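See below for the structure under consideration.
Every number here is computed from the coordinates shown, using simple stated rules; none is lab data. Only a predicted model underlies this, so the values are computations on that prediction, with no experimental measurement involved. Note that each Cβ is placed from the backbone with ideal geometry, even for glycine, and that neighbours are counted across all protein chains shown.
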Amino acid sequence: MASDSEKADAMEQTNNEDGGCGCRLQCFDRISDEMVMNFVRDFNELKTKDEQDMFLQGLIEPDSIKQRKPRKPIPKKRNSNFKYYVYNNDVRIRVCKRVFMSFHGITDKRVRRLCTLLLAGEIPTDKRGRVGKIPKDSNNKPCQQVIDYLEASIF
Ligand SMILES: [Zn+2]
């Protein structure tokens, strides 16, 4: 049952982004030149940096690794707790960061910034359920207590 997909996942994590793509994801085995042209074209259609950033952010996904033990300082160069994707005809294809950057012509710095924003701003749904506790009384004569209080103190 711990099947191929799990193994593949483990392999992906050993990925080092050395030399060329050359990663375990074998990005270029799955992505044709034509697809690359499509990515570039789509990306270039976005005029503003904000649009581009939003688009890119949608292609980055935090990995579910939790760093709970603050034993070591977080290594500066490792930024691998994210997954990067490109879309081809609505099919999402995972690629390594190197390929992700080169397709969009963006720098590592920009990717890191997007990752940081992603973590800071968009926390997945599980925290959202807790918000939205609206006091029931508040839309029902909200001032009555004050009025009562004032009346009581005046008279
Ligand atoms: Zn790759």
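For Glu51, neighbours were defined as the other residues whose beta-carbon sits under 13 Å from its Cβ, and their charges (Lys and Arg +1, Asp and Glu -1) total -2.
Between Asp42 and Leu119, the modelled labels are 2.6 nm apart [label points 7 Å from Cα along Cα→Cβ].
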